[in-house]
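Quick notes on the structure that follows.
The values are calculated or read from the model by the stated rules, or taken from the named source; none is laboratory data. Fair warning: this is a prediction, and the values are worked out from it, not measured in the lab. For neighbour counting, all protein chains shown are included, and Cβ atoms are generated from backbone atoms with ideal geometry for every residue, glycine included. Side chains included, ligands, DNA and RNA excluded: accessible areas come from the protein's heavy atoms. Shrake-Rupley method; radii C 1.70, N 1.55, O 1.52, S 1.80 Å.
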Amino acid sequence: MYLRLQVLLGINLLHMQKDSPPAAVAALFGRLIEESLPGRRGEAAWRALLQAHATLIRQLDTDLTEHTGLRLADFDVLAQLAAADGELRMTELAARTLISRSGLTRRIARLVDEGLVRRANAADDGRGVIVALTAAGVARVTETVPVHLRGVSKLFVERLDDHELAVLQAALRKVIVDCTFG
């Protein structure tokens, strides 16, 4: 389908003048959406999901950084380790945080430098790497969990009733894709 969109765009853009009015581009874009999503079914919901995710994550990151000095992505790593009783294999941590392996490697290196986690080779597998919270990491999680969850409550939970939360959870579980980030 992506190739088809490229071909359609290429053909249609060839027929457009260099300085085509924005309305022509908007019309082309609208036709492409209509062809790909008949009746534009789900488009508004998809856009709302993307906007909600982007704005919530941005605000939660800003608030956490402002109040604790810790970025949301770093907090996520520490929280995943805490939830796993303090340590995880790097591959499992990458799956839980949904960060690419290379991105996680850089993040872990920074957290090691800050003294919040330590890395070690897995005892049962010389190639495996274990990441574990340090005492400073546990202290940092203890400090940041209440701040983060107050933000989650204020920006998300308090704005929805129990029924809406249940429906949203059920709906989103249907579209979770099983994938491995590389």
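Quick notes
- Residue tally, condition within 17 Å of the chain's Cα centre (by Cα) and part of a helix (DSSP H, G or I), over the stretch 150-167: 3
- Residue check, ALA139 free of Cβ contacts under 8 Å to residues at least 40 places away in the same chain, over 20 Å from GLY69 (Cα atoms) and more than 21 Å from the chain's Cα centre (by Cα): no
- Restricted to the stretch 1-119, the set of helices (runs of 4 or more DSSP H) holding at least 1 residues that are within 29 Å of PRO146 (Cβ to Cβ) and modelled with pLDDT of 90 or more comprises 43-68, 72-83, 90-97, 101-113.
- Per the listing LEU60, LEU56, LEU50, the residue uniquely closer than 22 Å to VAL175 by Cβ and open to solvent by 70 Å² or more (accessible area, probe 1.4 Å) is LEU50.
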